[in-house]
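Reviewing the structure listed below.
The values are calculated or read from the model by the stated rules, or taken from the named source; none is laboratory data. Please read all numbers here as calculations on a predicted model, not as lab measurements. Please note: Cβ atoms are built from the backbone with ideal geometry, for glycine as well, and neighbour counts cover all protein chains shown.
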Number of protein chains: 2
Amino acid sequence: MHYQLYYWTGIQGRGEFVRLALEDVGASYEDVARVEGDGAIARFLDGSHEGALPFAPPFLKAGRRVIAQVANILQYLGPPLDLVPDSESQRLYAHQLQLTVSDLVAEVHDCHHPIASSLYYADQRTEAFRRAANWREHRLPRFLGYFEQVLERAGGRHALREHSYVDLSLFQLMVGLGYAFPRAMQRLEPGLPCLRALAARVAERPRIGAYLRSPRRLAFNEDGIFRHYPELDDSR
Amino acid sequence: MHYQLYYWTGIQGRGEFVRLALEDVGASYEDVARVEGDGAIARFLDGSHEGALPFAPPFLKAGRRVIAQVANILQYLGPPLDLVPDSESQRLYAHQLQLTVSDLVAEVHDCHHPIASSLYYADQRTEAFRRAANWREHRLPRFLGYFEQVLERAGGRHALREHSYVDLSLFQLMVGLGYAFPRAMQRLEPGLPCLRALAARVAERPRIGAYLRSPRRLAFNEDGIFRHYPELDDSR
């Protein structure tokens, strides 16, 4: 199957969780908006196509199917890409973990946009400062402690019984959080040995390593989900 | 199958989306914390059980399985409760829609808690006022307009080809939003004929009607997701 991924150009964003899965197995895909521009996305959002209507990118076209929502896309891709174990209970768990990754990603976004996505960061900086301080103290350790415990329960090396799209997403979380909140992560990392080792192992997977060194992997920047605003990180 | 639902007592909250599915088909289930207290939830969150580790309630116990995340639970329950069409593409779409319901629910929560869940509303009222004003103007119409379009594309009566758990969740959204933001909803409702008719039809389904009149259906209150703070609604 040849896949077409639709996601905004210029940022890793939520699309990156899907890209990592496609890249890890060397799947045949094109990143449509990077070739045709963001306009390619609009014709799906306005509903002029048949089938499922996406609310927002990323969405994936697989044959005639249109599939939106990161966790839904990964759940769909897991079996054909061999990125999820066979058992139903492991698949349910994989998806549950991925949905918790999505929850964390939404909270990371709202650290720099607590008032509105439609406003600039500069227009909600005071609120962002307040939200990020509380979030780094309470939510970030809770999420990361949870995922660390998930890894421990599975034997330490993977979120599930074996390598899966969840491991790839946890890698992306660790790298993104390290970019956005380097000081907070430095504080928390001693308590996260399994997550740190997992992120290092994923980065060394042959196809992931090649992808990370390729121009297809965009750098993190202050338009994406993970943004480095030093005032939102731990103070020195 | 007999199901055990675990969710905080005292509020409808996220658990209500699962309850509505169980109630609509007259499934055999118990709402464990309402019998045993919220302590029943803690033993799953601390990981002293085997199997999948939930990050937060609601979670469902089905035999030995523990399944967390509302959309994941509904996806799991859909086939055995006959609350989702048979085709794979309709099931993917059902789940995608449910995930978009979850996104809306998270945004509703953050209207009254834009800074932190761990702080009282009174401690983030200024920020909540600012967030809710923007959200009612931009996000609420976008989400509801999206779901209205979804209904139109499917013929007007259902989100999918037939009745499903998604319709039940859209009912809950409409009722919850009507409680929390009565003036904003009054403004938007003329543009949402399919959603309004759907909510009215769901309320008249025999088992849903009986449930809504039963003591099992808690009233909305200012501890849940949908809260009525008049200052966060459209001004008169």
- prompt: What are the residue pairs meeting all of these: first residue in segment A:63-81, first residue within 7 Å of chain B (Cβ to nearest Cβ), second residue part of a loop (DSSP other than H, G, I, E, B) and surrounded by fewer than 24 Cβ atoms within 10 Å (Cβ to Cβ), Cβ atoms under 6 Å, and 6 or more apart or on different chains?
  reply: A:Ala68/A:Pro54
query: With B:Arg201, B:Arg196, B:Arg227 as the choices, which residue is modelled with pLDDT of 95 or more and not in a helix (DSSP H, G or I)?
result: B:Arg227
- prompt: Taking segment A:154-191, which residues are part of a helix (DSSP H, G or I) and among the aromatic types (Phe, Trp, Tyr)?
  reply: A:Tyr165, A:Phe171, A:Tyr179
- request: Answer yes or no as to whether B:Ala180 is out of contact with any Gly (no Cβ under 6 Å at 6 or more places or on another chain) and assigned by TED's automatic domain parsing to the domain that holds B:Gln149.
  value: yes
Candidate set: segment B:16-39, residues that are of a type in the set (Gly, Ala, Ser) and surrounded by fewer than 16 Cβ atoms within 10 Å (Cβ to Cβ); chosen: the one nearest to A:Tyr146 (Cα to Cα): B:Gly39
- line: Those residues of segment B:115-126 that are surrounded by fewer than 21 Cβ atoms within 10 Å (Cβ to Cβ) and either part of a helix (DSSP H, G or I) or basic (Lys, Arg) (or both) come to a total of 5
message: Against the conditions (1) touching a Pro at 6+ places or on another chain (Cβ under 9 Å); (2) buried (at least 17 other Cβ atoms within 10 Å of the Cβ); (3) without any contact (Cβ under 8 Å) to a residue 24 or more places away in the chain, where does B:Leu53 fall short? Just the number, please.
response: (1)
task: Considering each residue of segment B:76-114, count those that are of a type in the set (Asp, Glu), farther than 26 Å from B:Tyr3 by Cα and outside any helix (DSSP H, G or I), and give that number.
output: 0
query: For segment B:211-224, which residues satisfy the criterion of being in a helix (DSSP H, G or I) and without any contact (Cβ under 8 Å) to a residue 40 or more places away in the chain?
result: B:Leu212, B:Arg213
task: Only residues that are touching a Gly at 6+ places or on another chain (Cβ under 9 Å), surrounded by 15 or more Cβ atoms within 10 Å (Cβ to Cβ) and under 12 Å from A:Val175 (Cα atoms): list them for segment A:190-204, please.
output: A:Leu198, A:Ala199
task: State which residue is farthest from the other protein chains (Cβ to nearest Cβ) when the search covers only segment A:41-62 and only residues that are of a type in the set (Gly, Ala, Ser) and not in a loop (DSSP other than H, G, I, E, B).
output: A:Ala42
- request: Please specify each residue of segment B:153-175 satisfying the condition of being among the basic types (Lys, Arg), in contact (Cβ under 8 Å) with a residue 12 or more places away in the chain and within 14 Å of chain A (Cβ to nearest Cβ).
  value: B:Arg161
Search result, residues across segment B:108-141 that are at the interface with chain A (Cβ under 9 Å from one of its Cβ atoms) and within 17 Å of B:Gly176 (Cβ to Cβ): B:Asp110, B:Trp135, B:Arg139
field: Yes/no for B:Glu231 being of a type in the set (Asp, Glu) and without any contact (Cβ under 8 Å) to a residue 24 or more places away in the chain
entry: no
